[in-house]
1. Based on Cβ point charges of +1 for Lys and Arg and -1 for Asp and Glu, what charge dipole magnitude is obtained for the chain about its Cα centre, in debye rounded to the nearest 20?
2. Taking only pairs that are 8 or more places apart or on different chains, how many Lys pairs in the chain have Cα atoms under 19 angstrom apart?
3. With viscosity set to 1.567 mPa s and temperature to 4 °C, compute the Stokes-Einstein D of the chain, Rh being the Kirkwood radius across alpha carbon pairs; µm²/s, no decimals.
4. In the chain, once you exclude exposed GluC sites (Glu not before Pro) (DSSP loop, at most 13 other Cβ within 10 angstrom), what's the longest stretch remaining?
5. Do you know the relative contact order of the chain, to the nearest whole percent, from alpha carbon pairs under 8 angstrom that are 6+ apart?
6. How much accessible area per residue does the chain have, counting only protein heavy atoms and a probe of 1.4 Å, in square angstrom?
7. Which ³J(HN,Hα) values, rounded to whole Hz and listed in residue order, are derived for the stretch 66-75 from phi using the Karplus coefficients 6.51, -1.76 and 1.60 in 6.51 cos²θ - 1.76 cosθ + 1.60 with θ = phi - 60°, glycine and proline given as x?
8. Relative to the present Cα-Cα distance, how much length would full extension add between Lys46 and Lys68 at 0.36 nm per residue of separation?
Amino acid sequence: CLDMEGKVHEFHSSWRTDDCNDCSCDRAGIRCCTSYVTPVDYDKEKCESIFNQDTCSYKVVEKDDHSKECPVHSWVG
């Protein structure tokens with residue numbers, strides 16, 4: 001399989017892209033999906049979600065104090 005960056009991948013292989021997608025290759029082609037879940041149900045007035053590219057994950061924290069995490073009631077991904 002040839003990915004969008006021009007890299008060749010063997011059949012039945014899998015990898016994580018730089019933009020946090022998990023991909024796999026088989027004879028039908030390449031399939032990719034996000035490797036993370038996104039917070040959707042939290043107090044958006046008091047809190048904000050921050051994506052960490054190194055860990056491929058979101059953290060939801062208070063806007064005024066990033067050391068305080070906020071509860072998240074629902075995630076999608």
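The values are calculated or read from the model by the stated rules, or taken from the named source; none is laboratory data. Since the model is a prediction, treat every value here as computed from it, not as a measurement. Reconstructed Cβ throughout: ideal geometry from the backbone, glycine too, with neighbour counts over all protein chains shown. The accessibility values were calculated without ligands, DNA or RNA, using every heavy atom of the protein model including side chains. Shrake-Rupley method; radii C 1.70, N 1.55, O 1.52, S 1.80 Å.
1. Using only the charged Cβ atoms, the result is roughly 240 debye.
2. 7
3. Estimated via Stokes-Einstein, D reaches 90 µm²/s.
4. The longest uninterrupted stretch comes out as 11-44.
5. Reported as a whole number, the value is 23 percent.
6. Using a 1.4 Å probe on heavy atoms only, each residue of the chain averages 74 Å².
7. These are the phi-based 3J(HN,Hα) values: 5, 7, 9, 7, 10, x, 10, 9, 7, 10 Hz.
8. 6.8 nm
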